[in-house]
Every structure is written in structure tokens, then in C-alpha cells.
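Beneath this line is the structure, given in C-alpha cells, with notes to follow.
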Amino acid sequence: MSENTLKPGVVTGKGYKALVDAAKSGGYALPAVNVVGTNSMNAVMEAAAKAGSDIIIQLSNSGAAFFAGAGMPDGFKAKVIGAVAAAQHAHLLAEHYGICVAMHTDHANRELIPWVEAMLDEGEKYYEQHGKPLYSSHMLDLSADPIDFNLGECARLLERMAKLDMSLEIELGVTGGEEDGMGSEFEEHADNSRLYTQPQDVLQAFDLLNPIGHFSVAASFGNVHGVYKPGNVKLRPEILKNSQDLVQKTHGTGHNPLHLVFHGGSGSEKAKIAEAVRYGVFKMNIDTDTQFAFSEPVGEYVNANQRAFRFQIDPDDGTPYKKQYDPRKYLRAGEQGIVKRLQEACEDLGSKGRSIARA
Ligand SMILES: [Zn+2]
């Protein structure tokens, strides 16, 4: 048992730092699962409670918009208000699941900087009322831009976030593949050297951001968003070790000074995941796998109850189908799919049974 324990619920500020440190010193990482509504969010908290693991819940900009409602006329507003609604849902419910939940937002590229700024406007209002931030961390992915622009914007926004006890996740180097309609097309035969983050860039980020506030780094070590045929890009976790070593040597810090994040983790080899965790990865994003984990049992349910999805009452024999077409039936099947898949994820990442929440 860790000596640092936290009250169950959404953790921010010092609590979030303790959660990150507990994972790194305990040699495990937390699953960071993308959600799009209360169904997936509750399923993720249920999964974490069942696994005895703390958990990171995150929303992409389109996930946040969907949370607010896909029919909301002002799409930009939906991205902001949906993110607020999701965080409030977590602040209200998470403690009742008995585990610690960190709330993150996911990839925001250059066009989405205004989204992050608008969420910070809301976060400042929330902080004034509650004395804590709405989100544990936001993410900026300006890895497609020149590094000076990337880090300059990260510094500017981290200044604002540090005042709210928030952390910032940044991205260096290009992670291949597509996530939620973002990210570059993955070219099978292209020169993939740019898929590996340079330790020098990581050091530059540390030099600039560490004096400002708490931050984490998604570095590319051959990881690819989405699920692709294995063998196209080689995962090279030693890239992460090289970055840790350079920062440690330059600044005389302790072991693994950087808080690292593994993007594009769906479908990765278990040995490579374990190696990445040894090099200071505390968070692994899981999106694609849980999407399928939700949809597969829903598909099975629909297949097994086809007539209930065509008729309220069977025209041939008068069978009433109310019990079968009740949306709770198939939504629950999807939730259970997420709960099951995340048990495996918690085991792979070593977070099972390691929750630091104590009531
Ligand atoms: Zn990424």
C-alpha cells in the first residue's frame, strides 16, 4: 500500500501529482480512456472500481461536443459546454465509485487552441466557486507545428493553468495514424524517422516548462494512433529512456524526471508496454479498443434480437418486445463490454489493485 493515499473522487493539483508519482514509483501506468457520454463514463468508473485501479477519463473535442449533444446548433459551444458537463458529472459521481479519477481533455491542435482557452475561461469560473479546477489536465498537441511555436504556446497556456493547479500534457514528435479525424495519414513505406521524438526536443520542453508548472509529455517512439497491421513501425521505448537520461544528466534530477504518456497504445505488444512503463510512462491512452469493446456486444445483442428492433409487437405471433428494445438493454451490454476490456488494460498496465484512494 502506498503511504500517499487520497480521498476517492476527481483528483486535481497536489492530488493529481500524487497520483502520477504513485504510478511512476509503483511501476504501473493508468489507462486514460476516451468517453463520449454518461454511458461510457460510468462504465469506465465501474471498470476502475472493479479492478481496484485509479483511472484517467478524457474527452476529445468531438467527444465533448457529443457529450453536449450532437444536435446542438453551435458546434464550438458544444465542445466547451460538453467538456464542462462531463467534468461536472465526474465531480459529482466519481467519489461514489471509491477510486481516484483524473479528468483530462485530449488532443487539441493549432485550430483547437481557442477550445482550450474557452475551457480555461470555464475552469477559472469553477475555480473561483469551488477552489479547485474543473479538469486535472488539458492537452495541447502542436507537434505538427515547429517546435518553437509548439513550446511557446504550451508555456503561454501552462502559465494560466498553473494558477488553477492544473497540469498540461504536450506532444513532441509525430505520432502516426488517425485519432478522431485528427493526425496525419500513416504512410506504410514512408521514412518513419520523424515518428521518433528527439531527446534534445524533450530537454528543450523541460527547460522551458518545468519552471512554470506541472506537465507531461507524449513522446513518439514508433507508436501509432488507431489499430494497424503490426510490423509497419517498430516500437522503440528506449527513445523514452534516452530522453529521461538526458534531462536527469543535464539538470541533476532524480530517476525518470519526466512524466511520460503513451499515445496510440491500442494493440501494442505487452512487453513493449511494460518497458515503456519502466521508463516513466504513467498514462496510456486507450480509445480505439474501448470503442470496439462497447460496440461488439451491442452488435451481438441486436443480432440476437432482430425482430425486437423491427416491431414493438410481433405481427406474426403477438409477442411484445418491450423488454428487448428497452435501450438500457443494449447500452448496458456496451457498458459491460468496456468494463471487461478495461480489466485487461489495468492488468497489462499493472494498475489493477493499486488504487491509492482510501475513504
Ligand atoms: Zn498523440
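The values are calculated or read from the model by the stated rules, or taken from the named source; none is laboratory data. Since this is a predicted model, take the numbers as computed values, not measurements. Because the Cβ atoms are built from the backbone with ideal geometry, glycine has one as well, and the counts that use them run over all protein chains shown. Please note that ligands, DNA and RNA were not included when accessible areas were found on the heavy atoms of the full protein model with its side chains. Shrake-Rupley method; radii C 1.70, N 1.55, O 1.52, S 1.80 Å.
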Review point. Pairing the Cα long axis of helix 38-51 with the longest principal axis of the chain, what angle in degrees results, from 0 to 90 and rounded to the nearest 10?
Key: 70
Practice item. Among the listed pairs LYS17/LYS241; LYS24/LYS125; LYS50/LYS132; LYS14/LYS241; LYS77/LYS323, give every one whose C-alpha distance is greater than 29 Å. Key: LYS24/LYS125; LYS77/LYS323
Review point. With the other protein chains left in place, how much accessible area per residue, in square angstrom, belongs to region 227-359 at a 1.4 angstrom probe?
Key: 55
Revision key, fill the gap. With T = 20 °C, eta = 1.002 mPa s and Kirkwood Rh from C-alpha pairs, the Stokes-Einstein D of region 221-359 in µm²/s is about 117
Revision key, fill the gap. So, for the Cα atoms of region 73-120, Rg and Dmax in Å stand at 12.7, 37
**Study point:** For peptides 62-68, 321-327, 122-128, sequence by mean Cβ density within 10 Å, most packed first
**Key:** 62-68, 122-128, 321-327
Point to revise | the chain pair-distance distribution - Cα-Cα, 10 Å bins, rounded % | key: 5, 24, 34, 24, 8, 3, 1, 0
Review point. By how many degrees, between 0 and 90 and to the nearest 10, does the Cα long axis of helix 113-130 differ from the longest principal axis of the chain?
Key: 80
Exercise for review: Kindly provide the helix-only [θ] at 222 nm of the chain, computed as the sum of -39,500 (n - 2.57) over DSSP H runs of four or more divided by all residues, to the nearest 500 deg cm²/dmol?
Suggested key: -15000 deg cm²/dmol
Study note, to complete from the structure: Taking max minus min of the Cα coordinates of region 1-152 on each principal axis, largest first, gives extents in Å of 45, 38, 28
Review point. Between the helical axis of 288-304 and the dominant principal axis of the chain, each derived from Cα atoms, what acute angle in degrees is found, rounded to the nearest 10?
Key: 10
Exercise for review: Pop out the carbon and sulfur fraction of the accessible area of the chain as a percent, whole number, probe 1.4 Å.
Suggested key: 51
